[in-house]
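What follows is one structure encoded as structure tokens, with my remarks underneath.
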Amino acid sequence: MKKLIKNHLKLFYNILVFSKKKLTLGDRFFLFRQIDKIWQNMGENPHLNFLSQLGDYKLIGDVLDGDIEHFYKSRNMLWFKKFFEERQLYELIKKDIEELYPKYKQVNVTLTHKGVIIYNNYKKNQFNTLLLTVHNGVWVDKEIKKNMHISDKKRLKEEDLGSGMLYSKIVLEEGGIWIDCKQSRFMCDFNRSYAKAIYANNQEKMLRKVWKQELNEKQKDIILDSYRHFYYVLSRLINTYRFNIIFDGHAMRDKDNRPNLSFGTKYVPGFYMPIVNAFRQRLKKLGYTDIRINDPYKGGYILNFLSCKFPDVFILSMEVNKKIYMKPDELTLLKKKVETISNDMIQMLKIENIEEEKEEKKEIPEGENDNIKLISQKNHN
């Protein structure tokens with residue numbers, strides 16, 4: 001990135017110099033070569049190409065880009081704190097960086113001020129996953145929050161708490177790009193159509209009343225700004241990189257006789273269904289029970305959006321029941337269970353030798369003495 005900026009500065013300097021005098025053929029040839037070098041660098045490096053596209057989009061504004069080690073060292077600096085829209089959003093992202101350092105310190109991260117985080121561990125000519133955890137966030141704009149009817153405790157129980165930790169190793173250790181969102185689905189749900197991204201009262205079965213009063217048009221536009229923001233980022237990633245699988249990771253509450261694990265295959269091309277079945281069999285061998293297909297969810301709006309653009313791409317969603325990795329309060333993660341599940345997600349994707357594995361099962365450890373209080377209710381009241 002520094003090299004690209006340096007090249008840009010050289011180019012701009014040359015343009016300024018040349019503009020004050022008549023350009024000779026040699027000057028024109030030199031300028032052409034400078035421009036060609038920049039485009040060549042961007043063409044060879046998809047990450048630079050991606051960043052350049054973000055910079056062209058007026059809704060994005062500035063982005064921060066660097067590796068986890070860089071942001072870890074900068075996490076307490078004023079410029080880093082001020083970059084994000086609110087202090088609470090900054091604290092959430094700071095916590096994530098601290099948890100990922102030093103193990104993943106070399107992984108590249110692109111941060112937006114609205115809390116969309118892109119972890120880039122893309123490996124050229126290898127198996128790469130595009131992982132989405134769009135319901136992992138809990139942040140709500142403080143002004144919007146004043147008009148929310150739902151309590152923090154009830155809202156947090158409906159969020160996909162811990163979903164980022166469950167799935168992230170697929171990308172951080174194996175390869176690909178992970179898009180994580182710190183914004184709550186109850187402010188704007190990226191897994192709904194544009195018209196339904198802001199929940200209306202009586203729209204969702206899980207919650208009948210969201211707002212004290214109907215939002216005005218200005219409030220709606222501010223919220224939907226982040227929706228436009230997210231889908232631009234997603235589209236640019238898809239256009240810049242090539243993925244073997246697009247994986248939409250979620251967590252679900254334990255109710256209505258829901259299974260322990262579930263795959264949503266509504267948008268999976270038939271060609272890939274044997275692979276989904278292989279995933280299911282692998283998880284059974286790892287000790288998981290009650291694994292269903294399209295129960296209770298078949299796949300959300302994001303997968304519909306992507307399948308329309310890329311009908312032949314392997315696109316899959318997955319749900320993990322909170323009862324197998326959280327305490328009954330649905331606010332506390334069981335660390336050892338989360339660790340086991342996250343490791344098993346990696347094993348699930350390694351299907352090439354599935355027929356050769358032994359029929360051994362293992363239990364997910366209880367981890368009762370090693371818990372994490374994921375959300376402090378006091379901090380969100």
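What follows draws every value from the coordinates through simple rules; no lab data is involved. Keep in mind that what you see is a predicted model, and the values were worked out from it rather than measured. Don't worry about glycine lacking a Cβ; one is built from the backbone with ideal geometry, like all the others, and counts go over all protein chains shown.
Once backbone amide H atoms are built at 1.01 Å from N, W211 has H149, N201 as its partners under 5 Å, excluding neighbours fewer than 5 places away on the same chain. If you take every residue apart from F84 with its C-beta less than 13 Å away from the C-beta of F84, what net charge results, scoring Lys and Arg +1 and Asp and Glu -1? Net local charge, F84 excluded: +3. Among the listed pairs K103/K266; K82/K145; K298/K350, those whose Cα-Cα separation exceeds 25 Å are K103/K266.
The range 89-133 and the range 260-289 have Cα centres separated by 26 Å. When both the range 146-183 and the range 310-340 are represented by their alpha-carbon centers, they are found 10 Å apart. If only the Cβ of Lys and Arg carry +1 and only the Cβ of Asp and Glu carry -1, the dipole of the range 61-380 around its Cα centre is close to 760 debye. Peptide packing: for 146-152, 131-137, the average count of neighbouring Cβ atoms within 10 Å per residue gives the ranking 131-137, 146-152, highest mean first.
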